[in-house]
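Any read-out appearing in this document is the output of simple, stated calculations on the displayed coordinates, not a laboratory observation. What you see is a predicted model, and the numbers here were worked out from it, not measured in a lab. Using ideal geometry, Cβ is built from the backbone for each residue, glycine included, and neighbour counts are taken over all protein chains shown.
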Amino acid sequence: MTSRLASLLVQDGLVSAKKMAEAFQRQVIYGGTLDTILLEMDVVDEATLLDALGRSSALPIAGDLPSLEQLQAAAGGDVQKWMPQAMSERFRAVPVALDGNLLRVLVIDPPDRKQLDELGYTLSLTIEPIIVPEHRFVQAVELLYGVPVPARFASLAAKLRQRATDPNRARIVPVQPALPLQPAREQHHPEPNAPMPIGDRVKEGTPTEPQR
């Protein structure tokens, strides 16, 4: 099993080939994304991993999650009505900002481009994915939809907070960009069960332009 993230981390000397092989073995046993396994093994810090996620996926990254109030304001008010939790789970995307016809969503590694194209068709919006570690993704799901963070990720988040405050750990913390949130512009959202136009407002040449 290989991935772009694994190749980049090993090639850059950030994770040894032996540790990466161990990580793949653990992933088969315990599941989850590779970034989750690497953080649980404590072989790379989160800031370095986040940077690698962005480079390996060629997607923008984000730092800490905004508050629920900021998310709701940026995502057009009651996001649960026009993108319910079932839709978020189906497309593995969490909405974080709506700006006109552009919807920014959080995704995990590896992102599913076809699913994001389909989400754009479904909502008649252009989708801009932002990649985050899996534990941040489930935190966003809890924030927006009230789904409790699984014990595994709650434990990992606690360990990461402890590591961040450990004075005995050498830390290099690059500045991470905040989520590019912008206030939502006025936009009509169709009723959940109403038929939606397919792709009539998706802009040509965008990161997730639907394939025709």
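Brief remarks on what is shown
- GluC sites (Glu not before Pro) within region 1-77: DSSP coil, no more than 14 neighbouring Cβ in 10 Å: none
- Working note: Debye formula, equal point scatterers on the alpha-carbon atoms of region 110-152, no solvent; log10 I(q)/I(0) at q = 0.20 Å⁻¹ is -0.77.
- Taking 0.36 nm per residue of separation and subtracting the current Cα-Cα distance, fully stretching the chain between Lys81 and Asn168 would add 26.6 nm.
- Label-point separation in nm, Ala151 to Val28, each point 7 Å along Cα→Cβ: 2.6
- Those chymotrypsin sites (Phe, Trp or Tyr not before Pro) in region 1-84 that DSSP places in a loop and that have at most 11 other beta carbons within 10 Å: none
- Distance distribution P(r), region 1-113, all Cα-Cα pairs, bin width 5 angstrom from 0: 2, 10, 19, 19, 17, 13, 10, 7, 3, 0 percent.
- Summing charges over neighbours of Ala6, with a neighbour being any other residue whose Cβ is under 14 Å away from its Cβ, gives +1 when K and R count +1 and D and E count -1.
- For region 40-163, the Cα gyration tensor yields ellipsoid semi-axes of 24, 17, 13 Å (square root of five times each eigenvalue, largest first, whole Å).
- With a cut-off of 12 Å between beta carbons, the residues surrounding Asp51 carry a summed charge of -3, where Lys and Arg count +1 and Asp and Glu -1.
- Value of relative contact order over region 6-81, rounded to a whole percent, pairs C-alpha under 8 Å and six or more apart: 20
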